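Only one structure is covered here, and it is reproduced in the block below.
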Amino acid sequence: MTNIGAGEIIYDLRKKIQEVKSELNQLGSISDIPELITSANLLRSNEYLSKVNDKKTMLISAYATYSESLEELLLSVFEIQKDLKEILKEQSSMIFEQSKKKSKAKLKTRKK
């Protein structure tokens with residue numbers, strides 16, 4: 001098991017994703033202000049779209065890191081599962097060997 005703190009990393013990434021989503025929602029939507037001329041409204045729209053684009057880029061980056069961390073965590077789980085299967089096989093074979101020895105011992109005592 002290589003990633004002991006993977007759960008904490010995933011929690012932090014999930015928190016970051018929620019923060020960026022919240023910031024994106026706070027931006028709301030843009031609407032023209034009738035009192036301003038067209039070029040001023042276009043500048044406002046451009047600024048708004050730039051902010052939205054930055055937030056969405058941050059969100060995509062956070063999701064990418066989050067999914068990578070989840071993949072690493074999943075790999076650790078699969079490694080643990082594989083190790084547990086091996087342990088189970090070893091224990092089963094040990095139990096089987098012990099039961100064979102006991103049955104042989106019983107047969108020897110019966111023959112005497």
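Considering region 13-39, the residues that are small (G, A, S) and more than 36 Å from the chain's Cα centre (by Cα) include one that is modelled with the highest pLDDT, namely S39. Could you tell me whether region 3-15 includes any residue that is farther than 30 Å from D83 by Cβ, free of Cβ contacts under 8 Å to residues at least 12 places away in the same chain and part of a helix (DSSP H, G or I)? Scanning region 3-15 turns up at least one residue that is farther than 30 Å from D83 by Cβ, free of Cβ contacts under 8 Å to residues at least 12 places away in the same chain and part of a helix (DSSP H, G or I).
Scanning region 12-43 for residues that are exposed (fewer than 11 other Cβ atoms within 10 Å of the Cβ) and aliphatic (A, V, I, L, M), we see that the one that is nearest to L70 (Cα to Cα) is I33. Just one of the listed residues (L42, L49, L84) is closer than 30 Å to G7 by Cβ, among the aliphatic types (A, V, I, L, M) and at pLDDT 85 or above, and it is L84.
The values are calculated or read from the model by the stated rules, or taken from the named source; none is laboratory data. Just so it is clear, the model here is predicted, and its values are computed rather than measured. Quick reminder, even Gly has a Cβ in these numbers, built from the backbone with ideal geometry, and neighbours come from all protein chains shown.
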